[in-house]
Amino acid sequence: MGGLIEEIQRDALDSKVPIEALLRRVKLAAAKLQLGDLQSWVEQELNGYPGELPAYRKVVGQPAAWNPYNGWIPVHDDERLMEIISDARVGQSAASLRDLLDKNSDGPLHLQVPAGLVSQLNQMMKFQTPRMVLQISRGHIVSILDTVRNMVLDWAIEMEKKGVLGHGMSFDAGETKMAQAAMQTINIGQIGSMVGNLGTGNSTGDITVSQASVSRVSETVAKIKQSVPQLVEEGADGAKLGKVIEHLEAELATQQPKPSRLKGLLEDARSALAGAAGNLTSEGALAMIAAAMKALGS
């Protein structure tokens, strides 16, 4: 009888195995091997993401508004507004995404824009609409699920290389220790792009950040700092956001700010804003953070 790691490899290679079934096997292996970070990622893929998303689940969509006479029509407004509302944050469970693909074989997929955000956008746009969606291509969803499957396969291959295979559904004490040791060198960002300790990330191989990039980050930090009271009112984590802003200001004040440090802190800022997602102020802040990270080369 093959071990659990080999079964995971086999299922990852078989496109007929539902993604949620594959993830449940990984969850079992992670629990038995006591791999907390991996288990946390798997649970979010199985149940949906309540907060910050990994990079592979962030895509750009086409905003569309409902017109009672013409159906869904593309929304084209000023560039800043489009930047705010075009960011599609796909937080649904992997099973929900698979079901969405199965039920929609043609045309773009629709992600509903929260009613509260639609109401706020109606005050800014040149026309009124009762509903809005983000239209995204099926290829984006396929890519998300393929990324998950590939990450599972990569992890299982790495476990095999380290001598962790399992015996049936069990692992011995030696395999558990080897798996835990291996996870110290496997970049968890490649598995789940998790946000860990404040501002963590690859601090090696930094290049000197350009003055233009520093200015973009400084402007972003200043604007978010001004909006903290409103962001907290909308649901942001005020304590965490305040601490992140302090660290960002300190890093920006150094002679040569490190891009990896800035990007790590900006990721933490995004995480602090997760509870306010769907509100116009937070969406604007998230758009500014995304632009700042792009300027840093993210």
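The values are calculated or read from the model by the stated rules, or taken from the named source; none is laboratory data. Only a predicted model underlies this, so the values are computations on that prediction, with no experimental measurement involved. When we count neighbours, we look across all protein chains shown, and the Cβ atoms used for this are built from the backbone with ideal geometry, even at glycine.
Among the residues of the stretch 1-12, which ones are out of contact with any helix residue (DSSP H, G or I) (no Cβ under 7 Å at 6 or more places or on another chain) and surrounded by 12 or more Cβ atoms within 10 Å (Cβ to Cβ)?
Gly2, Gly3, Glu6, Arg10
If you go through the stretch 12-42 and keep only what is among the hydrophobic types (A, V, I, L, M, F, W, C) and either outside the structural domain of Gly166 (by TED's automatic domain parsing) or within 18 Å of Leu97 (Cα to Cα) (or both), you end up with Ala12, Val17, Ile19, Ala21, Leu22, Leu23, Trp41, Val42.
For the stretch 85-96, a tally of residues being within 18 Å of Glu52 (Cβ to Cβ) and among the hydrophobic types (A, V, I, L, M, F, W, C) returns 3. Of all residues in the stretch 98-124, those satisfying the criterion of being crowded, with 16+ Cβ neighbours inside 10 Å and without any contact (Cβ under 8 Å) to a residue 60 or more places away in the chain are Leu100, Pro108, Leu109, His110, Leu111, Val113, Val118. Check the stretch 53-73 and report whether any residue there is of a type in the set (Val, Ile, Thr) and assigned to a helix (DSSP H, G or I). No, because not a single residue in the stretch 53-73 is of a type in the set (Val, Ile, Thr) and assigned to a helix (DSSP H, G or I). Taking (1) surrounded by fewer than 16 Cβ atoms within 10 Å (Cβ to Cβ); (2) modelled with pLDDT under 90 in turn, Met132 satisfies each apart from (1). Checking each residue in the stretch 225-241 for being within 10 Å of Ala272 (Cα to Cα) and either out of contact with any helix residue (DSSP H, G or I) (no Cβ under 7 Å at 6 or more places or on another chain) or among the aromatic types (Phe, Trp, Tyr) (or both) picks out only Ala239. Screening Arg261 with (1) surrounded by 15 or more Cβ atoms within 10 Å (Cβ to Cβ); (2) more than 19 Å from Asp87 (Cα to Cα); (3) at pLDDT 90 or above gives one miss only, at (3). For the stretch 190-202, the count of residues that are modelled with pLDDT of 85 or more and of a type outside the set (D, E, K, R) is zero. Residues that are in a loop (DSSP other than H, G, I, E, B) and closer than 19 Å to Val60 by Cβ were ranked within the stretch 105-124; the one that is modelled with the lowest pLDDT is Pro114.
Return a yes/no flag: does the stretch 76-96 have any residue that is β-branched (Val, Ile, Thr) and touching an Asp or Glu at 6+ places or on another chain (Cβ under 6 Å). Yes, the stretch 76-96 contains at least one residue that is β-branched (Val, Ile, Thr) and touching an Asp or Glu at 6+ places or on another chain (Cβ under 6 Å). Does Ala65 meet the test of being surrounded by 17 or more Cβ atoms within 10 Å (Cβ to Cβ), assigned by TED's automatic domain parsing to the domain that holds Thr129 and within 19 Å of Met124 (Cβ to Cβ)? In short, yes. Of the helices (runs of 4 or more DSSP H) lying entirely inside the stretch 1-51, those containing at least 3 residues that are farther than 13 Å from Arg149 by Cα and of a type in the set (S, T, N, Q) are 36-47.
Does Glu233 qualify as being closer than 22 Å to Val113 by Cα, outside the structural domain of Leu53 (by TED's automatic domain parsing) and surrounded by fewer than 18 Cβ atoms within 10 Å (Cβ to Cβ)? Criteria met by Glu233.
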